Amino acid sequence: MFAFLLCTRIMMNENKIDKAEWRYLLSGGMPIQEMTNPAVSWLSERAWQDILGLSALDNFSKLAESFAKHLQGFKRIFDSNQPHREPLPEEWDTELDSFQKLLILRCLRADCLVQGLQDFVSAQLGQRFIEPQTSDLSVVFAESSPSTSLIFVLSPGTDPAADLYKFADVMQFSKKMSAISLGQGQGPWAETMMHAAMEKGQWVFFQNCHLAPSWMPSLERLIENINPVKVHKDFRLWLTSLPSNRFPVSILQNGSKMTIEPPRGIKANLQKTYLRLTNDFISSSTKITNFKSLLLSLCLFHGIALERRKFGPLGFNIPYEFTDGDLNICISQLKMFLDEYQDIPYKVLKYTAGEINYGGRVTDDWDRRCLLSVLEVFYCPAVLIDDHVYSSSGVYRQIDTNLDIKGYLAYIRGLPINDTPEIFGLHDNANISFAQNETFALLGAVVRLQPRAASAGGKSQEEEIVAGIAEKIPRPFSVQELMEKYPVLYEESMNTVLIQEVIRYNKLLAVISQSLSDIVKALKGLVVMSSELELMAMSLFNNVVPDMWKAKAYPSLKPLASWVSDLLQRISFLQGWIYNGIPPVFWISGFFFPQAFLTGTLQNYARRYGTSIDTIGFDFESVSEITEKPNAGCYIQGLFLEGARWDNGTGQLTESRPKELYTEMPVIWLIPMSNRKTPTSGVYVCPIYKTLTRAGTLSTTGHSTNYVMSVELPSDRNQRHWIKRGVALICALDY
């Protein structure tokens, strides 16, 4: 990212990059014209909207029209394994420069944009700018002085202390170095230690500065008061800290900063673990062969639990920081249980590892289900077989238990550097989701680093955006008329649901229209631009939903342009309901609070048949043709499947097609039934979430702000298969 910013800044100074094109790369654009997608079979709606947005720029005005002519050429890029290196069709290849070609890559294959940026930087500045740099403490040390501190910026899973102690040995300073871990009440000790070291010319190592925010101003004062004439020339101050906004800026600006990346990938994780183990330890168990086999299983499980994080919600809803400590306690328990029991106690092993050591960190029930499903594969009798394979390709397998640590390390060195999704039990598409998330996270970070002053000349553009949104936003509903038409009734709970929804949408519409009229006045200079309004103007300029709207809105990940059209669709869904009565099919994504609607459906059934509501659950059926509403329950639509697709022919879950990340789910019929027994096999219990992030916060009602309910989808595969795939239903996508 740093190299890319450096490269584009140089090119902008030479006027080689157009400002509008630069902004499109970072935050996308708004489609002006409307055209139908010419390649529905392979091009997603999102990509087509991006292409229409790109056609709004001067150099790309003919793109949308010429796309249909060159379908084969664009499809070749879309299907390629290296789309960033494929030539563009005909005139586009010759007329566009290398930066403009990145914009087309962003539309077609956002997942390969990071590689495209690497090639771009390499071509403009040189290959060495994209190679990873090795960190060498002696180089940093040579540039340091007694008055500048050396700062390690920590990242999860790494600890630079060991490296520093090794380096102190090399420099023959290990006896002349004192360390302290900062925290409550450690300030005065640290201060005394620092004064002593400055006189004697020793090193001081303060760990975890982020844990002592109140002492940071004192540290800043101490460093500022170091007198270069009086201080001993050998004195050095080493600091470690997690990124924290309480860390003094002056220390950061004057110090040398370094950071170490934690090991990435299963191979690096296994290597790290096995380099720590000794032959004495692995042969000290009474059941040596079993211990070695289960140990490899456990270390693989640890690597998978760590690496699933990178796949975002497909891996775990919440990214957990599993540590080496979790693995170490599991290893010692494994050894202890093997020594104490006659037979291998798989149940005890699974419980201690899955529910306590790893599970103790897991706060989301669906994540715990996933973690235990993954663990099932690694703690089971099958792994003791000599040539047991952990995944279908056979790359990860059990090896000969007569080998020592060297033998295991040799096997680990032969593993692939980049993990394939199959070892995680994920579909190959998971890599695309991961790469896309990485791309948009990188672009988002670049947007936040942009200078603020650039928008002074673009006022007219912000006024255009505001006017465009203002004319689309409808007036609030009249709650009075609505209450007369749909009064609160005992036998129809849906009226209450509708009134509550309308009140929620009215609050949102009021905030939007009020802030839009304020910002128009502020842009014209009629009222003072407040900091809130300035933030809002920045958001509108960057195609992001402003925070003051988000605070009153439903969870959504859509960029501004799609967010507005989604809001209009939701309003028209409610208007249709108000004018035409209760709809035959409910668009579940259109509700502000879908849980209330589901409770209303159960309540209607309970009141009609005089049963108690807490004994009723939903049964599920998928439906193809609908004309009128059902006699019991309700039809819902508007859900998307992630991680799998629905097979209409057989009426069950089946594997996704390549590059198809989300597929539409047919209409589902929710049928209330009393005292219903959940089927034990033949179904996958699938959670429904409002947005793709899946993780929500628990609200005061005890509901997660993101989880809606779970449905049972028929499947002929074992439920574990889909759990590891991370399959879920989503109400609204992020475009």
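The values are calculated or read from the model by the stated rules, or taken from the named source; none is laboratory data. Keep in mind the model is a prediction, meaning the values are calculated, not measured. Using ideal geometry, Cβ is built from the backbone for each residue, glycine included, and neighbour counts are taken over all protein chains shown. For accessibility, only protein heavy atoms count, side chains too; no ligands or nucleic acids. Shrake-Rupley method; radii C 1.70, N 1.55, O 1.52, S 1.80 Å.
Some notes on this structure:
- P(r) histogram, all alpha-carbon pairs of segment 266-428 included - 5 Å bins from 0, percent: 1, 8, 19, 23, 22, 16, 8, 2, 0
- By the helix-only formula, in which each DSSP H run with n ≥ 4 contributes -39500 (n - 2.57) and the sum is divided by residues, the chain has a 222 nm mean residue ellipticity of -14000 deg cm²/dmol.
- Of the accessible area of segment 374-432, computed with a 1.4 Å probe over protein heavy atoms only, carbon and sulfur atoms account for 55 percent.
- For the chain, complete DSSP H runs whose alpha carbons reach 27 Å or more along their own long axis and whose mean Kyte-Doolittle score is 0.5 or higher are 288-307, 494-524.
- Taking all protein chains into account, the per residue accessible area for the chain stands at 49 Å² (1.4 Å probe).
- Note on ASP159 and LYS677: the model spin-label points, each 7 Å out from Cα along the C-beta direction, lie 5.2 nm apart.
- Between LYS552 and ASN631, the contour length at 0.36 nm per residue exceeds the Cα-Cα span by 24.9 nm.
- Which of PRO217, VAL528, LEU560, positive extreme of dipole for the chain (C-beta unit charges): PRO217
- Förster radius 30 Å - calculated FRET efficiency between SER624 and GLN575 (Cβ-Cβ, nearest 0.05): 0.65
- Here the Debye sum runs over all C-alpha atoms of segment 459-583 as equal scatterers in vacuum, and log10 of I(q)/I(0) at q = 0.17 Å⁻¹ comes out as -0.88.
- Note on the chain: with charges restricted to the Cβ of Lys and Arg (+1) and Asp and Glu (-1), its dipole about the Cα centre is near 1160 debye.
- Once the Cα-Cα distance is subtracted from the 0.36 nm per residue extended length, the LYS347 to SER145 segment shows a gain of 67.0 nm.
- A dipole drawn for segment 266-428 from +1 and -1 charges on Cβ atoms has a positive end, and of GLY425, THR323, SER392 the residue lying farthest that way is THR323.
- Evaluated at q = 0.11, 0.14, 0.16, 0.20 Å⁻¹: base-10 log I(q)/I(0), Debye formula over Cα of segment 137-260: -0.33, -0.55, -0.73, -1.23
- The HIS210 and PHE129 beta-carbon pair, evaluated with R₀ = 45 Å, returns a calculated FRET efficiency of approximately 0.90.
- Multiplying each eigenvalue of the alpha-carbon gyration tensor of segment 467-536 by 5 and taking the square root yields semi-axes of 35, 11, 9 Å, largest first, rounded to whole angstroms.
- Label-to-label distance, ASP404 versus SER80, with points set 7 angstrom from Cα along the beta-carbon direction: 5.1 nm.
- Figure legend: label point modelled 7 angstrom from the Cα of ASP234 along Cα→Cβ; residues of segment 187-225 with amide N under 15 Å from it are 196-204.
- One decimal place: the segment THR36-GLU664 gains 224.2 nm when fully extended, by the rule 0.36 nm per residue minus the C-alpha distance.
- Segment 1-129 - charge dipole about Cα centre, Lys and Arg +1 at Cβ, Asp and Glu -1, debye rounded to 20: 360
- Model label points for LYS16 and SER530, set 7 angstrom from Cα along the Cα-to-Cβ axis, are 4.6 nm apart.
- In the chain, taking the dipole from charged Cβ atoms about the Cα centre, the farthest positive-side position among PRO243, ALA268, TYR351 is held by PRO243.
- About its Cα centre, segment 552-619 has a charge dipole of approximately 180 debye under the convention of +1 per Lys or Arg Cβ and -1 per Asp or Glu Cβ, with nothing else charged.
- Using distinct alpha-carbon pairs, which all enter the 1/r mean, Kirkwood radius of segment 1-98 in Å: 14.9
- The alpha carbons of the chain stretch over 85, 76, 59 Å along the principal axes, in descending order.
- Those residues of segment 548-588 whose amide nitrogen sits under 17 Å from the label point placed on LYS521, 7 Å along Cα→Cβ: none
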